[in-house]
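Structure first, commentary second.
The values are calculated or read from the model by the stated rules, or taken from the named source; none is laboratory data. Values in this document were obtained by computation on a predicted structure and should not be read as measured data. In this analysis, Cβ positions are derived from the backbone assuming ideal geometry, glycine residues included, and neighbour counts consider all displayed protein chains. Accessible surface areas use protein heavy atoms only, side chains included; no ligands, DNA or RNA. Shrake-Rupley method; radii C 1.70, N 1.55, O 1.52, S 1.80 Å.
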Amino acid sequence: MTMRHLLCTMLLTAFVPVASASVFQTPDAVRPRCIVPAKPGGGMDLSCKLVQKVMPSQAFQISYLPGGVGAVAWTTLLSQRKAIPNTMVAFSGGSLLNIAEGKFGKADATQVRWVAAIGTDYGMIAVRKDAPYKTLRELMEALRKQPGRFAIGAGGTVGSQDWLKMAQIARIAGVDPKALKLVAFEGGGESFTALLANHVQIVSGDVSEASLHAKAGDIRVLAVLADARLPGALEQIPTAREQGYDVTWPIIRGVYMSPGISDGEYQYWVSQFEKAMENPSFTEQRKAMGLYPFSMTGKALTDYVMQTVERYRVQAKELGMVR
């Protein structure tokens, strides 16, 4: 077997099935599918589940293809399945940051077709419910004194959006970001599992992920990285800015498709998302998923993505994170 054939086999067998979800079928399958480019339980998973709920007549299936914090799904879609119909991949602001930093290889944001943004999320910092820290300031003071004592769970490695959130807060607190003890996971679901098991003591993640655990009383969210306090399950949680750390981190969530689909199929799905997001039930479903209003499709979304990737590229260069 050649190295190329071996790589293809590895990519095509990387799909992880779970209960109520299925893996890819043959390339001629037409049933709509939403790929989660991470393990179950995180924000990407929530995005595909929201798509599934708001378009029940489409009978979306959900598949999981973790690896490289989205890089494996991106590469697989481009190299193996350029024209597979009715197949979408969830993305977030973190995906756009990874593209800007070169973590998807030679990926360019123009290589895929950006279909719809279905909501926005925000960064947050959380600890276990039995942790002694009641505020972000208390946590950062302890981190400043003993930075090596705290393992920080994050979706992605150094340079990822979860790392950048914590790095910005640490810098304000007088902590060298290089001293942070990061533990990288394939998405927020794994980070929170590690937190509950006390394998990490802090999670730098997203509000949508944290809301599920906060409702169950398993964790304590110390700060949300939004301009103002957020309505919903975390409405009592102060912002980082309120606590003296001027850091905000909004996170767009949406889906893209492969570059080989026809203009007709692309416009069909753009219109399907536009119709779904006009339905009042979409607002309720989005809220239930812990996401906040942000709707954009087609060309407007494509332009937004290009501008965002360029902005991230400039920021990443300043931090020495561009490969």
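Over all pairs of distinct alpha carbons, what does the Kirkwood formula give as the hydrodynamic radius of region 50-120, in Å? Please list the in-between numbers first.
Values: mean 1/r = 0.0749 Å⁻¹.
The Cα-based Kirkwood calculation yields 13.4 Å.
Reported to the nearest whole Å, the Cα centre-to-centre distance from region 108-172 to region 229-285 is 19. Each of Phe150 and Leu196 was given a label point 7 Å from its Cα along the Cα-to-Cβ line. The distance between the two points is 2.2 nm. Here each label is just a point 7 Å from Cα along the line to Cβ, and for Gln236 and Gln307 those points are 3.9 nm apart.
Can you figure out the FRET efficiency of Val314 with Ala228, using R₀ = 30 Å and their beta-carbon distance, to the nearest 0.05? The formula returns an efficiency of 0.70 here.
Distances between placed amide hydrogens fall under 5 Å for His199 paired with no residue 5 or more residues away or on another chain. All C-alpha to C-alpha distances of region 113-229, sorted into 5 Å bins beginning at zero, yield P(r) values of 2, 12, 23, 26, 20, 10, 3, 2, 1, 0 percent in whole numbers.
Near Gly94: Cβ cut-off under 15 Å, other residues only, Lys/Arg at +1 and Asp/Glu at -1. The net charge is -2. Remark: region 200-214, residue by residue, has Karplus-estimated 3J(HN,Hα) of 10, 9, 9, 10, 9, x, 10, 4, 4, 6, 5, 4, 4, 6, 5 Hz, where x stands for each Gly or Pro and the curve is 6.51 cos²θ - 1.76 cosθ + 1.60 at θ = phi - 60°. Which value, in Å² and to the nearest 10, is the accessible area of Glu186 when all protein chains are kept and the probe is 1.4 Å? Spelled out: Glu186, probe radius 1.4 Å, area about 40 Å². Between 0 and 90 degrees, the angle of helix 43-54 with respect to the longest Cα principal axis of the chain falls at about 50 degrees.
To the nearest µm²/s, what D does Stokes-Einstein give for the chain at 20 °C and 1.002 mPa s, using the Kirkwood radius over alpha carbon pairs as Rh? Intermediate values should be presented prior to the final figure.
Working: Rh = 20.0 Å.
D = 107 µm²/s.
Per-residue ellipticity at 222 nm for the chain, helices alone: DSSP H runs ≥ 4 residues times -39500 (n - 2.57), over residue total, nearest 500 deg cm²/dmol? One gets -12000 deg cm²/dmol as the mean residue ellipticity at 222 nm. Taken along the Cα-to-beta-carbon direction at a fixed 7 Å, the label points for Val30 and Ala179 span 6.2 nm.
When only the Cβ of Lys, Arg, Asp and Glu is charged (+1, +1, -1, -1), the dipole of the chain relative to its Cα centre reaches about 520 debye.
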